[in-house]
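The values are calculated or read from the model by the stated rules, or taken from the named source; none is laboratory data. The structure presented is a predicted model; accordingly, all values stated were derived computationally and were not measured. Ideal geometry is used to build each Cβ from the backbone, glycine not excepted, and the neighbour counts take in all protein chains shown.
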Amino acid sequence: MKKNSFMKILALVAIFLLPSIASASTSGGNAAFGAFANEIISWLTGNLGYVIAIFSFFGSLLIYAFTHKGGVIIIGVIIAILVGGGTGITRLFFTQGKTVFSSTGTF
C-alpha cells in the first residue's frame, strides 16, 4: 500500500471519529468520554474483525486457486489470526487499563 493511500484512509477514519471525539470532550467530562470509550470498544469487539478475518482467509484461498503460490495462503492465515485475535487482545487491554486507571486508592 502506498503511503499516500494510507494517509487518505487514515484521514477518512479521523473524519468519521471527529464528531464523537468533539462531543465527548465538550459535553460533560468523564461520563461523556466513558460513553465514547464504550462505543470504540463495541466497534473493536464486534463482528467487524471477524468478518475481515473470514474474508482474508477465503480471499487468500481464492487467490491461491488462480496463482498456485503457497505464500498467499500463509499471508491470508496470518492476517486472519491478527485481525480475529486483535479484537480480543484490544478488549483485554481496554478493560485492564480501565480498571488500573480508575483506581483512586493508594499503592
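When 65, 35 are checked against the criterion of being modelled with pLDDT of 70 or more and surrounded by 14 or more Cβ atoms within 10 Å (Cβ to Cβ), 35 stands alone in meeting it.
Filtered by the rule that a residue be small (Gly, Ala, Ser) and surrounded by 15 or more Cβ atoms within 10 Å (Cβ to Cβ), segment 68-82 gives 76, 80. The set of residues in segment 85-98 that are more than 17 Å from residue 53 (Cβ to Cβ) and modelled with pLDDT under 75 comprises 94, 98.
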